[in-house]
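The values are calculated or read from the model by the stated rules, or taken from the named source; none is laboratory data. The structure displayed is predicted, hence computed values, not measured ones. Glycine also receives a Cβ, built like all others from the backbone with ideal geometry; neighbour counts cover every protein chain displayed. Heavy atoms of the whole protein, side chains included, go into the accessibility calculation; ligands, DNA and RNA do not. Shrake-Rupley method; radii C 1.70, N 1.55, O 1.52, S 1.80 Å.
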Amino acid sequence: MSEQQAESLPGVDRAVELGLTKPEYARIVELIAREPNEVELAMFSLLWSEHCAYKHSKKVLRRLPTEGDRLLMGVGENAGAVEVAGLAVAFKVESHNHPSAVEPFQGAATGVGGILRDVIALGARPIAMLNSLRFGHPSSPRSRWLLDRAVAGIGHYGNSIGVATVGGEIHFDPSYESNCLINAMCVGIADPDRLMRCAATGVGNRVILFGALTGRDGIGGASVLASAELGDDDADKRPTVQIGDPFAEKKVLEASLELIDADLLVALQDLGAAGLTSSASEMAAQGGVGLDIDVANVPLREQGMEPFEIMVSESQERMLAIVEPSKVAAVLEVCERWELLASDIGEVTEGDRMRILVGDNVVGDIPVTTLVDDCPLYDLAPAPPEHGLYPAPPADLPEEADHRDTLIALLSGANIASRRPVFQQYDQIVQARTVRRPDEADAAVLALPVGENGIRPAIAVSIDGNARRVAANPEGGALEAVLECAANLACVGAEPLGLTNCLNFGNPEKPHVAWQLINSVEGIAVGCEALGIPVVGGNVSLYNEGPDGPILPTPVIGMVGEMPDATKTSSSGFLTDGQAVALVGPFSPNLVSSELAARRGQAPQGELPSLDISAVIAAHHAVRDGVRSGAIQTAHDISEGGLGVALAECTAVAGIGCDVTLPEFTDAALFGESPGQGFVIAGDAAAIAAIPGARVVGTTGGGNLVVSAEDGASFSVPVAEVQAARDGGLTAYLP
Amino acid sequence: MKVLVLIRPKQGILDPQGQTVERALPALGFEGVTDVRIGRLVELEVTDPSKLDELCEQLLANTLIEDFEIQIQED
């Protein structure tokens, strides 16, 4: 069917209002050989959206490695999982950017709730949360409001449900002014033999919806389908803001795990974006079956909801399960004990029809494959930009400032200052697994149950992204983000096992954004291959744009690593006087797209130096092995603000100074960046000297950070001043 | 003058507090109570009531999810 023919279809205008293109609508009409009705159109508009169909990113994502020795569950399931010490460690990162820009407290809270349910759906108990946040410049009142409310929302949900928030990162850049990023990562543990899949199987099996009631939450775009009698005066009846209820989620969590433990479920899936529509069709598609869903049996919070509203509602804290008929009564009983509503809303059928019923009335009937697999996938038209895409940020740090003043200015800047005012709002230790928490080490460390050998293993988790470097060079910057995450794990003695990514980009139909996306994915793939780890799952968030153009390309990497012994780990700060301080790694610092360059008002552009991946990985191994053997007591990766800031951070943790002499004393040597490629380590002199590649530069001790050049130049800062600068930097922007 | 501001969750918005109370009532023997919605009451003493709407929109109520109603009490 041509676009002209599509033009003449009566339903085309509504389809376009719902976000479908005319050719897409024409394709739907061709596939089902008629125009879709209201219910079907609502379902298509959501499942054929970027969010569900990944229509602009799916082809690009095929580049990512998805296989690994330790992989238990990968892409296509609710979350990925790797094997650690006989347990399945499930994890995934997901974005909740657009809802958070509207209502940051509830947006961030329901973002946390959503990623928790992904992990719960695997049958895993969530043990840790991390998050990656991006806001506009902190001098903007709106950015400060978003920061304050998003952090409060994350704390509200995570603290209430009893899952520790153990790590994260926050960056400020003007490009996020009208489009903040809220990415949340959840980590859970499960018995590998009981991992739950999401494929609906077994014709005749029942479809059980349990959890909260279904209301008109999050019915955004689809509300144009609302019946005519609801005019503007009734706008209140069409709320789009979803409210999170962490106590309801706690009940969903406990009930889900009990149902899986008792072997009562065939499959389980959470309800997230696109609600019942998305969950039911994914389960059917994965299982190669059809489903009948009777919306008359869905328990409602509001009167008079129409079938399409029930199908697309994004009410939170709900799960969909496939249950054998003989076990339905037992499932309902477990849900009742947890004070959860549960209802039998349908049946697994032969064939591949997704049928929506109201009692005996069929109100929607479409092939599952059409809904899930037939959405057109688009090729991107990438083009490298001829000049920088992003304006120079306002300069607030003069080039003529000396090293000492530059260091203090960097430490007290919002992008580098201590995150204490944020993470102290989070419960970091609930469940009593946290061995290392924020500001104690470069990655969070969580203990696992004691093994048969009497030793307690652990996992380390980290989340990272450095969008300014990605803006300068998408492939190089994304590779650095992967390496930096792995470096964080190396610092605590962990070996990476898998990563999850959240790809936050602008409009992929713009050639320059397409170029950023394709090359960033390439960088992540190169990093995965170098580390020998798979991508276990993730999320893509596109069309993050403000009036001034796209956000910085922001691939966020979450990584999980293994530690054989939870007690063999490190601190990110100097612990005692008189230890040797050394540098490890093929660190080639440069100021391109660095924090210092931003503070000096330079746009994020320029050439990143090429890096020697095998030398970087060798350095990671040297640090990891040194930490595990106890030779290294302090390990800190050199990231934003470069070596100067890394040394200052090492002194700030326990208030122990150091005296180091460096071969180079330029701005680039002191504050240049090369993320994931260099470390500051400390320990007993003899042990440090034996670390492969370690270059001893000084000793710990005293009350000052003293940095000297071999030619005699030097500067010195009292550690108390370092601490004050770091501690005050973010506090200034919070209420 | 004394002003009362009544703030309520918007119609249709999930109200976990109201739901919890509604669920707890039958356990205490109070049957037949439905549609419990919980908001809050703010009491203010103001000299200039002209900015009350703005004040409510900016601070007292989150107008994305809440409605407010201003009641001015005569002295």
Here's a check for you: in the range B:8-47, which residue that is closer than 20 Å to B:GLU69 by Cα, open to solvent by 50 Å² or more (accessible area, probe 1.4 Å) and away from chain A (no Cβ under 14 Å) is farthest from the chain's Cα centre (by Cα)? B:THR47
When you look at A:ALA285, is it part of a helix (DSSP H, G or I) and open to solvent by less than 20 Å² (accessible area, probe 1.4 Å), yes or no? no
When the residues of the range A:236-254 are filtered to those that are out of contact with any Lys or Arg (no Cβ under 8 Å at 6 or more places or on another chain), part of a helix (DSSP H, G or I) and open to solvent by less than 20 Å² (accessible area, probe 1.4 Å), which remaining residue is farthest from the other protein chains (Cβ to nearest Cβ)? A:PRO246
List every residue pair whose Cβ atoms lie under 7 Å apart, where the two residues are 6 or more positions apart in sequence or sit on different chains, the first residue falls within the range B:48-75 and is within 13 Å of chain A (Cβ to nearest Cβ), and the second residue, located anywhere, is open to solvent by 60 Å² or more (accessible area, probe 1.4 Å). B:THR63/B:GLU57; B:LEU64/A:VAL102; B:GLU66/B:ARG8; B:ASP67/B:ARG8
Just need a number here: residues in the range A:684-735 that are buried (at least 16 other Cβ atoms within 10 Å of the Cβ), assigned to a strand (DSSP E or B) and of a type outside the set (A, V, I, L, M, F, W, C). 6
Within the bounds of the range A:99-120, is there any residue that is of a type in the set (D, E, K, R) and over 17 Å from A:GLU314 (Cβ atoms)? no
Examine the range A:606-624 for a residue that is assigned by TED's automatic domain parsing to the domain that holds A:LEU397, farther than 19 Å from A:ASP442 by Cα, within 28 Å of the chain's Cα centre (by Cα) and open to solvent by less than 20 Å² (accessible area, probe 1.4 Å), and state whether such a residue exists. yes
Heads up, the strands (runs of 3 or more DSSP E) in the range A:416-522 (entirely inside) with at least 2 residues that are within 21 Å of A:ILE613 (Cα to Cα) are A:458-464, A:495-504
Only one of (1) under 14 Å from A:GLU484 (Cα atoms); (2) open to solvent by less than 20 Å² (accessible area, probe 1.4 Å) is not met by A:ILE632, so which one is it? (1)
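I'd like the residue in the range A:635-683 that is β-branched (Val, Ile, Thr) and open to solvent by 10 Å² or more (accessible area, probe 1.4 Å) and, out of all such residues, is nearest to A:SER588 (Cα to Cα). Explain how you work it out, then say what you get.
Taking the range A:635-683 as the starting set, the residues that turn out to be β-branched (Val, Ile, Thr) are A:638, A:645, A:651, A:653, A:656, A:660-661, A:666, A:680-681.
Checking the rest, the ones that are also open to solvent by 10 Å² or more (accessible area, probe 1.4 Å) come to A:653, A:656, A:661, A:666.
Details: A:VAL653: 26, A:ILE656: 27, A:THR661: 17, A:THR666: 13 Å.
Only one residue tops the list, namely A:THR666.
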Which ones in the range A:422-449 are within 22 Å of A:PHE679 (Cα to Cα) and in contact with a strand residue (DSSP E or B) (Cβ under 8 Å, 6 or more places away or on another chain)? A:VAL435, A:ARG436, A:ARG437, A:PRO438, A:GLU440, A:ALA441, A:ASP442, A:ALA443, A:ALA444, A:VAL445
Being touching a Phe, Trp or Tyr at 6+ places or on another chain (Cβ under 6 Å) and surrounded by fewer than 24 Cβ atoms within 10 Å (Cβ to Cβ): is that true of A:SER143 here? yes
Only one of A:GLY532, A:GLY573, A:GLY585 is surrounded by 24 or more Cβ atoms within 10 Å (Cβ to Cβ) and of a type outside the set (Val, Ile, Thr). Can you tell me which? A:GLY585
Taking the criterion of being open to solvent by less than 20 Å² (accessible area, probe 1.4 Å) and among the hydrophobic types (A, V, I, L, M, F, W, C), would at least one residue in the range A:377-392 satisfy it? no
Mind telling me which of the residues A:ALA109, A:ALA152, A:ALA121 ends up being assigned by TED's automatic domain parsing to the domain that holds A:GLY498, open to solvent by 10 Å² or more (accessible area, probe 1.4 Å) and touching a residue at least 60 places away in the same chain (Cβ under 8 Å)? A:ALA152
One residue is enough: does the range A:60-77 have a residue meeting the conditions of a type outside the set (Phe, Trp, Tyr), outside the structural domain of A:ILE310 (by TED's automatic domain parsing) and touching a Phe, Trp or Tyr at 6+ places or on another chain (Cβ under 6 Å)? no
